[in-house]
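Data block below; observations after.
The values are calculated or read from the model by the stated rules, or taken from the named source; none is laboratory data. Please read all numbers here as calculations on a predicted model, not as lab measurements. Virtual Cβ from ideal backbone geometry, glycine too; neighbours counted across all protein chains shown.
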Amino acid sequence: MLGELASTLIWESARPYLYMRTTGDGRLLVGGEDDDLDIPAQRDQRVGEKAETLIAQVEALFPRLSLNPTFSWGGAFAETDDGLPFFGPHPQYGPHVHFAMAYGGNGISYSMIGAGLLRALIEGREHPLAELFSFRRVGD
């Protein structure tokens, strides 16, 4: 069904940017149309309109695709001062609560790094990037 997109990751960096990746069950996950609106009720009212815009963008790039969305959602956009997300435990919550947050619009890229890093931490193994993405990098 997805043809050449059957196993892919795309991040088009135009503004507003568009990104997509395939899922394990053969679907296409599409995102973008981020904005600065942080009022949840207003943000949620715009989900349908933004989904239609994303569908049109993907179909313009890949005219042979005909998309039928299963889910659409919006969420808060969070980023850190240094642009890197946080992965791992926060000192306030102890060693058994792990976070993956503040992707700053780069969840497609950072989610894979975070998955590997969190898995290593949960399994009690060292990970070479743990300190880079740790809450400790920002101090107290």
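Being closer than 28 Å to R125 by Cα and either touching a helix residue (DSSP H, G or I) at 6+ places or on another chain (Cβ under 8 Å) or among the basic types (K, R) (or both) narrows it down to one residue among F86, F62; which is it? Before you say what the answer is, go through the steps one by one.
Details: F62 fails: closer than 28 Å to R125 by Cα.
Exactly one of F86, F62 is closer than 28 Å to R125 by Cα and either touching a helix residue (DSSP H, G or I) at 6+ places or on another chain (Cβ under 8 Å) or among the basic types (K, R) (or both), namely F86.
Every listed requirement among (1) surrounded by 10 or more Cβ atoms within 10 Å (Cβ to Cβ); (2) in a loop (DSSP other than H, G, I, E, B); (3) touching a strand residue (DSSP E or B) at 6+ places or on another chain (Cβ under 9 Å) is met by H96 save one, (1). Here are F77, F133: which of them is touching a strand residue (DSSP E or B) at 6+ places or on another chain (Cβ under 8 Å) and aromatic (F, W, Y)? Being touching a strand residue (DSSP E or B) at 6+ places or on another chain (Cβ under 8 Å) and aromatic (F, W, Y) holds for just one of F77, F133, which is F133. Of everything listed in (1) outside the structural domain of L18 (by TED's automatic domain parsing); (2) surrounded by 13 or more Cβ atoms within 10 Å (Cβ to Cβ); (3) over 20 Å from W11 (Cβ atoms); (4) not β-branched (V, I, T), the single unmet condition for S66 is (2).
Results for (1) in contact with a His (Cβ under 8 Å, 6 or more places away or on another chain); (2) part of a loop (DSSP other than H, G, I, E, B); (3) under 19 Å from T70 (Cα atoms); (4) in contact (Cβ under 8 Å) with a residue 60 or more places away in the chain, shown as yes or no for each residue.
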residue	(1), (2), (3), (4)
E4	no, no, no, no
A14	no, yes, no, no
G24	no, yes, yes, no
L37	no, yes, no, no
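The listed residues are A78, A56, A120, A102, and the only one of them that is surrounded by 10 or more Cβ atoms within 10 Å (Cβ to Cβ), over 14 Å from the mean Cα position of the chain (by Cα) and under 20 Å from S13 (Cα atoms) turns out to be A56.
Would you confirm, using the coordinates I've provided, whether F87 is in contact with a Pro (Cβ under 8 Å, 6 or more places away or on another chain), buried (at least 16 other Cβ atoms within 10 Å of the Cβ) and of a type outside the set (D, E, K, R)? Don't jump to the end; show me each part of the working.
Details: in contact with a Pro (Cβ under 8 Å, 6 or more places away or on another chain): no; buried (at least 16 other Cβ atoms within 10 Å of the Cβ): yes; of a type outside the set (D, E, K, R): yes.
So F87 does not fit the description; no.
Let me confirm something: among A60, A41, which residue is under 23 Å from A6 (Cα atoms) and out of contact with any Phe, Trp or Tyr (no Cβ under 7 Å at 6 or more places or on another chain)? Steps first, answer last, please.
On the way: A41 fails: under 23 Å from A6 (Cα atoms).
It is A60.
In the set G83, G88, G107, which member is more than 30 Å from V47 (Cβ to Cβ) and not acidic (D, E)? Even if it seems obvious, please write down each step before you answer.
Values: G83 fails: more than 30 Å from V47 (Cβ to Cβ); G107 fails: more than 30 Å from V47 (Cβ to Cβ).
One residue alone meets the criteria, G88.
Is it the case, given these coordinates, that L37 is in contact with a helix residue (DSSP H, G or I) (Cβ under 9 Å, 6 or more places away or on another chain) and among the aliphatic types (A, V, I, L, M)? Yes, satisfied.
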